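The values are calculated or read from the model by the stated rules, or taken from the named source; none is laboratory data. Just so it is clear, the structure is predicted and the values come from calculations on it, not from any experiment. Glycine also receives a Cβ, built like all others from the backbone with ideal geometry; neighbour counts cover every protein chain displayed. Quick note on the areas: whole protein, heavy atoms, side chains included, nothing else; ligands and nucleic acids left out. Shrake-Rupley method; radii C 1.70, N 1.55, O 1.52, S 1.80 Å.
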Amino acid sequence: MQTKTALITGITGQDGSLLAKHLINLGYRIIAPTRKNPDKSNLNNLGIIDSSLIEFLIYKQFSDFEAIIAQHKPTEIYHFAAMSHVGQSHENPAVVFDVNCNWTLELLASVIKNSPNSKFFFASSCEIYRNDLPSPVREEDEKRPNNPYGISKLSAHQMVDYYRLVKGLFACNGILFNHESELRPASFVSKKICSNVARLVKSGGKPLTLGNIEAKKDWGYAPDYIKIIHEIMQQKNAQNYNVSTNKLYSVKDMVNAAFSALNYEISWQGEGIKTHAINSAGDTVVSINEKYFRPLDNRFLRGDNSKIKQFMQNHSQTPFTQWVKSMTLNEYKLLN
Ligand code: NAP
């Protein structure tokens, strides 16, 4: 059987590195263009940094991808690289749009010109949906993003649709709902919770301070989503898919799961912004600060995942409490 080649943009990120590991296990050869001096710590943590199956390349500008695609004609292209922080996207919308949308368009144009048989996956986002839709949302539901990240993702998403429907490319949008892992950067709340809980249990110190702990998300585990993304690319026809759990968990649920992963008892006291959690000695371990509240904390968006049900049955899905436990134990281990 011929070896499959996958080009991954964003291989240094959470999803790119996890996908690389999955594809190496499946025997793929991986083309990995990165910016200069890439931070390869995720690949190192996953034990694949020295894999002979990964060919790293340095690119200077997005137009360099034309030659890379023409030379390698990858079987599958996974376009993950993006400025992925929703909150930070308000600060520099033009750059976010250029990276997240214009680059995607350049890639699609290069693929159709130089390697039209390559399959293309785009990491779209649940941030594209209208924010007051009753959930669970389906792939065809109304899109109306309200932040530069979501706007850039929707524009790129629509370009992917255009290249599929009009140009005939095998091009899919995975509409990804939040997914976390041990590789999440510190700027995300899951990492903040798990690392601070590990620190508090290990050595105490100042409380973990959060915003709206009643905010709920459709939260999944990134290593599970990677396998679904790969399945999406093995189908006969290209389509768009929500990649979601269709379940909601609150920030408070995550705090409870993280403490309980380390067998540490807490109890919640007070109401509203005075809510706090204390340990068995009566010390406050979690407090609330309004400065961390977000405008859409009351957006309880869940994704209808009927279209990926079959793929989910092929790969066991890690329950919420189990992956929060895994992330917390990992943080605890790092403190030793
Ligand atoms: P991530 O960990 O933030 O990784 C982002 C990747 O993009 C990194 O490899 C980074 O490379 C690259 N990148 C960032 N800014 C760039 C720029 N200006 N130019 C070129 N490359 C740049 O993201 P992730 O969590 O793996 O997410 C993967 C994809 O899924 C992203 O497109 C994200 O928007 C989308 N998504 C993720 C979630 C989620 O919950 N994780 C949900 C919905 C959609 P460097 O190492 O060079 O910085």
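Put Thr75, Thr328 in order of accessible area, highest first, and with a 1.4 Å probe you get Thr75, Thr328.
Value of Rg to Rh for the stretch 158-291, rounded to two decimals, is 1.14; Kirkwood radius and Rg both from alpha-carbon coordinates. A Gaussian network model of the chain, with springs between Cα atoms under 10 Å, assigns the largest mean-square fluctuation among Leu133, Leu108, Leu19 to Leu133. Between Lys206 and Glu91, the contour length at 0.36 nm per residue exceeds the alpha carbon distance by 38.4 nm. Annotation: amide H of Glu55 within the under-5 Å range of Ile30, Ile31, Ala32, sequence separation 5 or more or interchain, hydrogens built in the peptide plane.
Please give the solvent-accessible surface of Thr284 in Å², to the nearest 10, using a probe radius of 1.4 Å with every protein chain present. Ignoring ligands and nucleic acids, Thr284 comes out at about 60 Å². Answer rounded, prolate or oblate for the stretch 29-75, using the Cα gyration tensor with square roots of eigenvalues a ≥ b ≥ c: rounded when a/c is under 1.5, else prolate when a/b is larger than b/c, else oblate. It is oblate, given that a/c is not under 1.5 and a/b is not larger than b/c. A convex hull fitted around the alpha carbon atoms of the chain yields 140 Å³ per residue. Out of every Cα-Cα pair that the stretch 1-99 contains, those further apart than 17 angstrom amount to 52 percent. Here the Gaussian network model covers the chain, with springs between Cα atoms less than 10 Å apart; of Phe120, Phe56, Phe170, Phe56 fluctuates the most. Take 259-267, 149-157 and order them by the average number of nearby Cβ atoms within 10 Å per residue, most first; the result is 149-157, 259-267.
The label point for Ala109 and the one for Lys333, both projected 7 Å from the Cα toward the Cβ, are 4.6 nm apart.
The alpha-carbon of Lys73 sits under 22 angstrom from the alpha-carbons of these lysines, leaving out residues fewer than 8 places away in its chain: Lys4, Lys21, Lys60, Lys113, Lys119, Lys167, Lys236. Computed over the chain with a Gaussian network model linking Cα atoms closer than 10 Å, the most mobile of Trp323, Trp219, Trp268 is Trp268. Would you please classify the overall shape of the stretch 93-162 from the alpha carbon gyration tensor, given that a ≥ b ≥ c denote the square roots of the eigenvalues, rounded means a/c under 1.5, and beyond that prolate means a/b larger than b/c while oblate covers the rest? It is oblate, given that a/c is not under 1.5 and a/b is not larger than b/c. Annotation: extensible slack from Ser316 through Phe188 equals 43.6 nm (criterion: 0.36 nm per residue apart, minus Cα-Cα distance). By the gyration tensor of its Cα atoms, with a ≥ b ≥ c the square roots of the eigenvalues, what is the shape of the stretch 64-223: rounded for a/c under 1.5, prolate for a/b over b/c, or oblate? Prolate is the answer for the stretch 64-223, as a/c is 1.5 or above and a/b outweighs b/c.
With a probe of 1.4 Å, find how much accessible area the chain has per residue, and write the answer as a whole number in Å².
Per-residue accessible area for the chain comes out at 47 Å².
Counted residue by residue at 0.36 nm each, then reduced by the alpha carbon distance between them, the extension gain from Glu290 to Ala70 reaches 74.1 nm.
Peptides 187-195, 43-51: what's the order by average Cβ count within 10 Å, highest mean first? Can you show the working numbers first?
Details: 187-195: 19.8, 43-51: 15.2.
Ranking, from highest mean packing down: 187-195, 43-51.
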